[in-house]
Amino acid sequence: MSQALSGCTYKLLSCPSIVTSACVGGRTEQKGPMHDYFDLTNDDDYFGMETYEQAESFMQKKAIELALDKLRLTSEDIDFMFGGDLLNQCTGTTYGVRDLNIPFLGIYGACSTMAEGLLLSSLMADNGVGNKILAVTSSHFCTAERQYRFPLDYGGQRTPTSQWTATASGALVVSAKGNGPYVRAVTIGRIVDMGVSDANNMGAAMAPAASETISAFFKDTKMTPQDFDFVVTGDLGLVGSRIVTDLLLRDGFDVRENHKDCGKMIFDTESQDVHAGGSGCGCAASMLCGYFVPQLRAGVIKNILFVATGALMSPTINQQGESIPSIAHAVWISSDNGKDETI
C-alpha cells in the first residue's frame, strides 16, 4: 500500500517499475536535436492518414505497439490503460486505442497528461490494482492549432512567447514488478491560477503550478533538488523555465543547475522556428519515454523528478476573457528501488 506523506504526496512502497516505453515523432521532431531518441519519426505529419486527427490517433497506437513489442507483450497482457490528449473529448486517444480491447480510463490534464497517467498507473500498481498498466498520450501541431488558435490556412502571426505543439506520442507500461526504473513517490498537483489570460504565453500560465508542485514534493519528502540528477519540467519553454526557477528560488529551492525542460530539449530554438520552445502532451511524453527512461534504465542517471504541466483551458472560455488555470503533477523516478533508504 502507498504511504501518505501528506495530503498530496505518496511514497510507493513496492516501487512499481516502468518496464518498457516508446515514442513517435513527426517532421519537426525528426529535424530536432533529440531525433535519435525517438523510436519512430516521419517526415509526413499525416503519417499516411487522410487527416491530422487520424494521424494523431495513429501515433498513439504506434507508440503503444512499439512499447509492447520491446517486451513481446500484447494488449491482452495489459490490465488497464490511462490515456488522453488535447483534442475535444480526448478523441485522439479513443480513436487510436479503440481496437486494442484494453480496459480504458480516459484522462485530461492537458500537457500534464503523461505525468498524470504515470502517477495513476503507479498508484494502482503499488496498491495491487492491476499488474501491468499502460499510460499513453499525444499531441499534434496541426490539430492543436486548429482547435486552440487558428487553422493553419489562416496564416496567423505567432507571438514571441508562443510555443510549438509537438507532433509526438509517448507510451509506457508500469508493472508491479520489474527491473526499473522505479517510481518511488508522487505528488498530486493543485490547480493554480495567477490570472494569465494570454493563450500564446503558456509558459507564464503554467510555471506557478510547476513551482507549487515541486515545492510541495520537496517539503513533503524532506528532500532537496540536489538529491536529483535533474528536475524535469514539461513544456514550460524558454519563458516558463525562467519563471519557475525564480519562483522556486524564492521558496528556498535552487534548481538552476539541474533543471531541464522538455519544451527546451525537444527542439533547437535557434535553428528551428519554434519561438519559445515546444509544448503539447506529446512533448513531455516523448522526452520521458524516449530519453529519460532509457537513461535511468541504463544507470546513466540515477534520479529525476518528472513534473509535467498543463493549462486547463478551452478556447471558448479563453475567448470570453477568463484566465488560464494550470496544473502540475510530480513523479520521482529512480534507477534504484531504494529498499534500504528512508524518506
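Throughout, read-outs are computed from the coordinates displayed, never taken from laboratory work. Given the structure is predicted, the values throughout are model-derived calculations rather than measurements. Positions of Cβ are backbone-derived with ideal geometry, glycine not excepted, and every protein chain shown enters the neighbour counts.
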Which one of MET59, GLY278, VAL129 has its Cα pushed farthest toward the positive end of the charge dipole of the chain, where Lys and Arg give +1 and Asp and Glu give -1 at the Cβ? VAL129
For the chain, can you list the cysteines whose C-beta has no other cysteine C-beta under 4.7 Å from it? CYS8, CYS15, CYS90, CYS111, CYS142, CYS262, CYS281, CYS283
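Pull out a ≥ b ≥ c, the square roots of the eigenvalues of the alpha-carbon gyration tensor of the chain, then state rounded if a/c is under 1.5, prolate if not and a/b is larger than b/c, and oblate in the remaining case. The partial results should precede the final answer.
Values: a/c = 1.56, a/b = 1.13, b/c = 1.38.
Oblate.
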How many nm is it between the label spots at ALA298 and PHE104, if each spot is 7 Å from the Cα in line with the beta carbon? 3.5 nm
Of ILE301, ILE317, LEU236, which is farthest along the charge dipole of the stretch 205-343 in the positive direction, counting Lys and Arg as +1 and Asp and Glu as -1 at C-beta? ILE301
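FRET efficiency for SER271 and HIS35, Cβ-Cβ distance as r, R0 = 22 Å, nearest 0.05? Walk me through the numbers before you get to the answer.
Values: r = 13 Å, r/R0 = 0.58.
For SER271 and HIS35, the calculated efficiency is 0.95.
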What ranking of VAL300, VAL239 emerges when the number of other C-beta atoms within 10 Å of each C-beta is taken as an exposure proxy, fewest first? VAL300, VAL239
Please identify the DSSP H helices in the chain that span no less than 15 Å along the helix axis (Cα) and have a mean Kyte-Doolittle hydropathy of -1.0 or more. 52-70, 113-126, 202-221, 237-250
Dipole axis of the stretch 15-175 (+1 Lys, Arg; -1 Asp, Glu on Cβ), positive-most option in THR93, LEU68, THR113: THR113
FRET efficiency, ASP251 to ILE191 (Cβ-Cβ, R0 25 Å, nearest 0.05): 0.85
Looking at the chain only, what percent of DSSP beta bridges run antiparallel? Nearest 5 please. 65 percent
Partner lysines whose C-alpha sits under 24 Å from that of LYS31, ignoring same-chain residues fewer than 8 away, are LYS61, LYS62, LYS260, LYS264
Taking the Cα centroid of the stretch 281-343 and of the stretch 62-111, what is the distance between the two, rounded to the nearest whole Å? 18 Å
Roughly speaking, what is the centre-to-centre gap between the stretch 113-132 and the stretch 221-254 when only Cα atoms are used, to the nearest Å? 24 Å
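Rounded to the nearest 500, what is the chain's calculated 222 nm mean residue ellipticity when only DSSP H runs of at least 4 contribute -39500 (n - 2.57) each, over all residues?
Details: 11 runs with 107 residues, N = 343.
It comes out at -9000 deg cm²/dmol, rounded to the nearest 500.
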Taking the chain as a Gaussian network, where each spring joins two C-alpha atoms under 10 Å apart, which residue of ILE266, ILE327, ILE78 fluctuates the most? ILE78
